[in-house]
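Heads up, the thing below is written out as structure tokens.
The values are calculated or read from the model by the stated rules, or taken from the named source; none is laboratory data. It should be emphasised that the depicted structure is a prediction, and the values quoted were computed from it without experimental measurement. A quick note on method: Cβ atoms are made from the backbone with ideal geometry, for glycine too, and the neighbour counts reach across all protein chains shown. What goes into the accessible areas is simple: the full protein's heavy atoms, side chains included, and nothing from ligands, DNA or RNA. Shrake-Rupley method; radii C 1.70, N 1.55, O 1.52, S 1.80 Å.
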Amino acid sequence: ILADDAAAEVSSASAVQLPYFILAFVLFILALLFSRVNLPKIYYDNEDSNTEASIWSERYLLLGAVGIFLYVGIEVSIGGFIVNFITEPGISDLSIKEAGNYVSYYWGAAMVGRFIGSVILYKVRANLALSVACVGALVLVATGVTASGSLAMWAVLSIGLFNSIMFSNIFTLSIEGLGMLTSRASGVLVMAIVGGAIIPLIQGALADSFGLQTSFIIGFVCYGYVLFFSLIIRLRSK
């Protein structure tokens, strides 16, 4: 896909069509199977207390939904702009094809961080771990926006390490204590991942207006809000 000549690009794009058709077919079959399966009903100790309650009155759920929206949005946006960022004149001398190889470092860091986070969360509260991850991401975003050369490149690539535990922690903290509302609340949080389709558009508009490197300041808004959410949750637990 990142080949230098147009003919190779078309050929490479065609080569990935079959895997996506297979994925679509498998997902269709899974959807069909789940539509025919009677899933067991989950009972809660406080089942009678909040069956009529509205999920829209749950403050922390709504704050968490915004957090999911912004987090997924910035995670996808950074991943989508990394190649363009690396090839910026002040960042590296790599071609688009060479820069494309570095995308795996961003997502690979997220995978490594997820395993590390799984161990840490046995010892550390979820809201504290989320706060630390947000601070780390904010420092790296600041470095990526203000620095140049390899330092800026590796700072942005390393953001994936701190992304790793954010989704799961935001999700868990948002539905904590909701009882019978948990399933509906989970649906709201899942729908909030639409941020992954919107935040990249906003960053693209910023890049067109102020430059690609400067456009990464949107990370301050997204990670800053998630940090705010983690601190609000901490106050709730006191």
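Data table
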| read-out | value |
| --- | --- |
| Among residues of the range 205-232, those that are touching a residue at least 24 places away in the same chain (Cβ under 8 Å), more than 15 Å from A133 (Cα to Cα) and over 17 Å from the mean Cα position of the chain (by Cα), counted | 6 |
| Pick from the range 153-182, criterion under 19 Å from S104 (Cα atoms) and of a type in the set (S, T, Y), ranking: least open to solvent (accessible area, probe 1.4 Å) | S164 |
| Among residues of the range 207-238, those that are outside any helix (DSSP H, G or I) and farther than 20 Å from F81 by Cα, counted | 1 |
| Leading residue by the ranking (surrounded by the fewest Cβ atoms within 10 Å (Cβ to Cβ)) among those in the range 78-101 that are hydrophobic (A, V, I, L, M, F, W, C) and in a helix (DSSP H, G or I) | I96 |
| Tally, over the range 207-226, of residues that are at pLDDT below 95 and open to solvent by less than 10 Å² (accessible area, probe 1.4 Å) | 0 |
| Candidates G204, G195, filtered to the one that is closer than 23 Å to V83 by Cβ and crowded, with 22+ Cβ neighbours inside 10 Å | G195 |
| Condition broken by A185, with the remaining ones in (1) over 25 Å from S215 (Cα atoms); (2) open to solvent by 10 Å² or more (accessible area, probe 1.4 Å) satisfied | (2) |
| Test: residue in the range 54-67 that is within 28 Å of T146 (Cβ to Cβ) and open to solvent by less than 60 Å² (accessible area, probe 1.4 Å) | yes |
| Within the range 119-152, tally of residues that are open to solvent by 10 Å² or more (accessible area, probe 1.4 Å), closer than 21 Å to S104 by Cβ and either of a type in the set (G, A, S) or touching a Phe, Trp or Tyr at 6+ places or on another chain (Cβ under 8 Å) (or both) | 4 |
| Test result for S104, open to solvent by 10 Å² or more (accessible area, probe 1.4 Å), among the polar types (S, T, N, Q) and closer than 27 Å to I170 by Cβ | yes |
